[in-house]
1. Output the residues belonging to the range 108-137 that are without any contact (Cβ under 8 Å) to a residue 40 or more places away in the chain and not in a helix (DSSP H, G or I).
2. Take the residues of the range 239-261 that are within 13 Å of the chain's Cα centre (by Cα) and assigned to a helix (DSSP H, G or I): which is surrounded by the most Cβ atoms within 10 Å (Cβ to Cβ)?
3. Does the range 86-104 hold any residues that are crowded, with 21+ Cβ neighbours inside 10 Å and within 22 Å of residue 229 (Cβ to Cβ), and which are they?
4. Away from ligand 1 (no atom under 16 Å from the Cβ) and at negative phi: is that true of residue 292 in this structure?
5. Could you list all residues from the range 37-67 that are modelled with pLDDT of 95 or more and on the phi > 0 side of the Ramachandran plot?
6. From the list 34, 93, which residue is at pLDDT 95 or above and more than 16 Å from ligand 2 (Cβ to nearest atom)?
7. Within the range 208-230, identify whether any single residue is within 19 Å of residue 127 (Cβ to Cβ), touching a helix residue (DSSP H, G or I) at 6+ places or on another chain (Cβ under 8 Å), within 16 Å of ligand 1 (Cβ to nearest atom) and modelled with pLDDT of 95 or more, and answer yes or no.
8. So which residues in the range 169-200 are over 23 Å from the mean Cα position of the chain (by Cα) and buried (at least 20 other Cβ atoms within 10 Å of the Cβ), if there are any at all?
Ligand code: G3P
Ligand code: MG
């Protein structure tokens, strides 16, 4: 978790941030949305806030409609992913009943775009059908040679005899591609692995190869020769099941343990996604560009409200970036859950406020801004 600590140590959160945010919740004011809209914005987590699994929450639809009605800007900031942003926003627009633009949308792997200048040939891990959907995402970002686990199994099925691919898939030129001779520059985990065994074996082969050359090995020393990135750190996330499910953070834990048993060394990796600064800095840039594009707002932002269901990703990350944080009870978090104070010295996972659902959270944030405006004008 050194990466986590280092990234958040640079965060702008301060202990008085939570205290500061509390002093605005005092009086009632007549709502004048046109006065607050240019200086406030919202950032919404998706799973457990706007959606549960494939189903949109009615409160989510109403919350976004309210903000659109009053020209208050917002972005969607999810640790989810696995398909091109264009496909996901089309699906979300349909489910939520509002027009969501790619310009207001950040998935866990969207910031990988910033790695395109550094890497040519990447191993794409995770996503539907073991990376094939994510190959398209990686190609859209601009990576030149995007290889999936299925490509490597198709080239030599013995690489992992327990793989889950069908013979037809391994013969299908739209599903698998021939391998180039070039060495791998990086391993990028885009989304949840659909075949942990195949993915972990192939990741180990690439990570401990001689300078990224598949089929070679740095044995007997077995050292890491290729960087690896994980697009989120979620141990848990909320879908339609009654209890939280394991996310990419659980997969990373398995990869790290296998790597340590295999090499005797700790895996060196970079984890992005919420709660890390890399992702919140990227999201803040997206938010500023979006509000100007959509409404022409260029005023300084007084408050950004991060609305999430997971204290570890949404709340800790929002606090770490100096945003207000509103935790909702419709996803991972349940009343009585303990907040993890182990990392509080860098960014608390305690929210500015906890509310039942996203509509209540939006009304709370708007109300708070009205109160702030009233205070400032009195
Ligand atoms: O980690 C899994 C991911 O789907 C959670 O998504 O929207 O709650 O960040 P979200
Ligand atoms: Mg969530």
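1. The answer is 116, 117.
2. Going through the qualifying residues, I end up with 248.
3. 88
4. Yes, satisfied.
5. 48
6. From the options 34, 93, the qualifying one is 93.
7. Yes, the conditions are met somewhere in the range 208-230.
8. Within the range 169-200, 176, 184, 198 qualify.
The values are calculated or read from the model by the stated rules, or taken from the named source; none is laboratory data. All values reported here derive from a predicted model rather than from experimental measurement. No Cβ is skipped: glycine too gets one built from the backbone with ideal geometry, and neighbour counts run over all protein chains shown.
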